[in-house]
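**Q** Following this message is one structure expressed as structure tokens.
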Amino acid sequence: MLGKTVVRVLVGGLFAGHGAQKLFGKFGGKGLTGTGDAFEQIGLRPGVPMAAAAGVSELVGGSLVALGLMTPLGTAMLSGVMASAIERVHLRNGPWNSDGGYEYPLVLTGVLAYFADEGPGVISLDRLRGRDRHGPFRMIAGLGAGVAGAMAIRSLAERSKPLPPSPGSSSAPSSPTGVTADEDRTRSAGPGSAGPASGPGSGPGSSERPSSDAAQPQAPEVGRRRVGDETTPNGATPAGHSTTSPGA
């Protein structure tokens, strides 16, 4: 009799403490914001409402179990938290606690099932009120309700996943005016500025048609000498002109 009460108060009190950690940041907890961020990382979205739901279930359910008050309801609420923790975090790691598996939450679920089946014991508010309701049916119903709640949480989290970007969408960040960063840089550079490639024919309109100078081969400059205003091939001097510079 006394041993059942000790286990019930211990397990329910620890659950209630976890709820206070999530809701209020007590006992070294992260509070709603920090817990919500952690929930986002394991796919429970939106994080803060999910953290609030888990915190309320642990605080209320743990308090009910610890007091032995409406014990089937308290065990059902906590079973849902454990089922969600197993599905979201521990199942992929196997059974053993040393590997981050589901051993510990599964044991706690078994303890909750025991209280739903056997009742909270003599030293409990349910017994004092004359409303000690327990048995196999209540145990199975409580476990089923917990698993159903965990599945509902999973479904809600899946629907809240962010949509992947469409194949045709641009990944470049946009400015407040709705123009992409690349277009912003191009516009701010102004007309006539050098683009990614420079050289003959670059500049405004160069992407539409090649420059005539770039398209035509240039005659070689080797062997050509400018004399006065005339240019003759092979360094020949035109008649009547001297190669001596003025003033020589």
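**Q** Restricting the search to the range 132-145, which residues are of a type in the set (A, V, I, L, M) and surrounded by 15 or more Cβ atoms within 10 Å (Cβ to Cβ)?
**A** If the condition is that a residue be of a type in the set (A, V, I, L, M) and surrounded by 15 or more Cβ atoms within 10 Å (Cβ to Cβ), then Met139, Leu143, Ala145 are the ones that fit.
**Q** Additional query: Within the range 103-121, can you find the residues that are of a type in the set (Gly, Ala, Ser) and closer than 14 Å to Gly68 by Cβ?
**A** Those that are of a type in the set (Gly, Ala, Ser) and closer than 14 Å to Gly68 by Cβ: Ala116, Gly119, Gly121.
**Q** Within the range 111-163, how many residues turn out to be part of a loop (DSSP other than H, G, I, E, B), over 27 Å from Phe39 (Cα atoms) and charged (D, E, K, R)?
**A** Of the residues in the range 111-163, 3 are part of a loop (DSSP other than H, G, I, E, B), over 27 Å from Phe39 (Cα atoms) and charged (D, E, K, R).
**Q** Moving on. Between Val179, Val111, which is of a type in the set (Val, Ile, Thr) and modelled with pLDDT of 75 or more?
**A** When all the criteria are applied, what remains is Val111.
**Q** Give me the pairs, please: first residue somewhere in the range 106-129 and in contact (Cβ under 8 Å) with a residue 24 or more places away in the chain, second residue anywhere and acidic (Asp, Glu) and surrounded by fewer than 18 Cβ atoms within 10 Å (Cβ to Cβ), beta-carbon distance under 8 Å, and either six or more positions apart or on two chains.
**A** What qualifies is Gly119/Asp132; Pro120/Asp132; Ser124/Asp132; Asp126/Asp132.
**Q** Restricting to the range 29-72, and then to whatever is surrounded by fewer than 18 Cβ atoms within 10 Å (Cβ to Cβ) and among the polar types (S, T, N, Q), can you tell me which residue is nearest to His18 (Cα to Cα)?
**A** Ser63
**Q** Look at the range 31-61 and say how many of its residues are touching a Lys or Arg at 6+ places or on another chain (Cβ under 6 Å) and more than 27 Å from Gly142 (Cβ to Cβ).
**A** 0
Results for (1) aliphatic (A, V, I, L, M); (2) closer than 21 Å to Ala16 by Cβ; (3) surrounded by fewer than 14 Cβ atoms within 10 Å (Cβ to Cβ), shown as yes or no for each residue.
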{"residue": "Gly74", "(1), (2), (3)": "no, yes, no"}
{"residue": "Leu78", "(1), (2), (3)": "yes, yes, no"}
{"residue": "Met82", "(1), (2), (3)": "yes, yes, no"}
{"residue": "Ile86", "(1), (2), (3)": "yes, yes, no"}
{"residue": "Val89", "(1), (2), (3)": "yes, yes, no"}
{"residue": "Trp96", "(1), (2), (3)": "no, no, yes"}
{"residue": "Gly100", "(1), (2), (3)": "no, no, yes"}
{"residue": "Phe115", "(1), (2), (3)": "no, yes, no"}
{"residue": "Gly130", "(1), (2), (3)": "no, no, yes"}
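The values are calculated or read from the model by the stated rules, or taken from the named source; none is laboratory data. From a predicted model like this one, the values you see are computed outputs, not experimental measurements. Cβ sites come from the backbone with ideal geometry, for glycine too, and all protein chains shown count toward neighbours.
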